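The structure under discussion appears below in the form of structure tokens.
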Amino acid sequence: MPLSTAASRKLIHTRDIRCHGYERDDGLWDIEGQITDSKSYSFENKDRGCVGAGTPVHDMLVRLTVDDDLVIKNAEAVTDSAPFGVCPEISANVRRLEGVKISSGWTKAVRAKFGGTAGCTHILQLMIGPLATTAYQTIMPLKNSRNKDSKPTKKPAIIDTCHAFASEGPIVKRLWPEFSNTQ
């Protein structure tokens, strides 16, 4: 279903976020993301000169290599375009996330290790939401299908994370009746 018809308007800014999840031959997973911002008009920038319409203001890429348990084994980031010449200097700090698990507390951990002056707002936003979700969406369905005959011994972490996975709802009752809060 599309959105309602918009009022007359003109495009000013575009933010594109693309993420991909890859299964590696060595048993690990690569989760890659790119965040790109562009304007529909040209403008002058003190560090870059004229930034043309459609030319990326921000163009940043991140790769997180994780294991089956979503623990980061390697992290790297590249800043190909940024408004300031100093922006790429901070990219190496994503390595501080190595050893961190993408799970409950992920946002807090990323902010602690790569937030504020130790990081980049745009790379941080990419990692907190889209990359974490991509990691989960890449790994968990395959991991679950490979272990489909085993029953979970503890409550799956996804329960109560959204409306569909409410512990009193029909999805949890169907998938994990032992963790359902319905009669």
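Miscellaneous remarks
- For segment 14-54, the equivalent ellipsoid derived from the alpha-carbon gyration tensor has semi-axes of 35, 11, 5 Å in decreasing order.
- Cα gyration tensor shape for segment 1-91, rounded if a/c is under 1.5, else prolate or oblate: oblate
- Alpha-carbon centroid distance for the pair segment 119-179 / segment 1-38, whole angstrom: 20
- Distance between the pseudo-spin-label points of K101 and H163 (7 Å out from Cα toward the beta carbon): 3.1 nm.
- By the count of neighbouring beta-carbon atoms within 10 Å, fewest first, D149, D47 end up ordered D149, D47.
- About its Cα centre, the dipole of segment 1-104 is roughly 680 debye, where the only charges are +1 on Lys and Arg Cβ and -1 on Asp and Glu Cβ.
- Local electrostatic count at A109 - Lys and Arg +1, Asp and Glu -1, tallied over other residues with Cβ under 12 Å: +4
- Fewest-first ranking of T133, T65, using other Cβ atoms within 10 Å as the exposure measure: T133, T65
- Peptides 69-82, 150-163, ordered by how many other C-beta atoms sit within 10 Å of their residues on average, highest first, read 69-82, 150-163.
- Value of relative contact order over the chain, rounded to a whole percent, pairs C-alpha under 8 Å and six or more apart: 15
- Contour minus Cα-Cα distance for K155 and N74 (0.36 nm per residue): 26.3 nm
- Taking other residues whose beta carbon is less than 11 angstrom from the beta carbon of F84, and scoring Lys, Arg as +1 and Asp, Glu as -1, yields 0.
- R0 of 22 Å, Cβ-Cβ distance D47-A112: FRET efficiency to nearest 0.05: 0.15
- Cross-link pairs K113/K154; K73/K148; K148/K173; K73/K113 - those with Cα-Cα distance over 19 Å: K113/K154; K73/K148
- Cβ-defined net charge surrounding I35, 12 Å radius [Lys, Arg +1; Asp, Glu -1]: -3
- Charged-residue dipole, Cβ positions (Lys, Arg, Asp, Glu), segment 35-165 about Cα centre, Debye nearest 20: 580
- Modelled spin labels at R174 and E23, positioned 7 Å past Cα toward Cβ, are 2.4 nm from each other.
- With the charge dipole of the chain set up from +1 on Lys and Arg Cβ and -1 on Asp and Glu Cβ about the Cα centre, the Cα lying farthest toward the positive end among the listed residues T182, T161, Q34 is that of T182.
A short reminder: the numbers here are calculations on the coordinates, not readings from a lab. Nothing here was measured: the structure is a model prediction, and the numbers come from that model. Don't worry about glycine lacking a Cβ; one is built from the backbone with ideal geometry, like all the others, and counts go over all protein chains shown.
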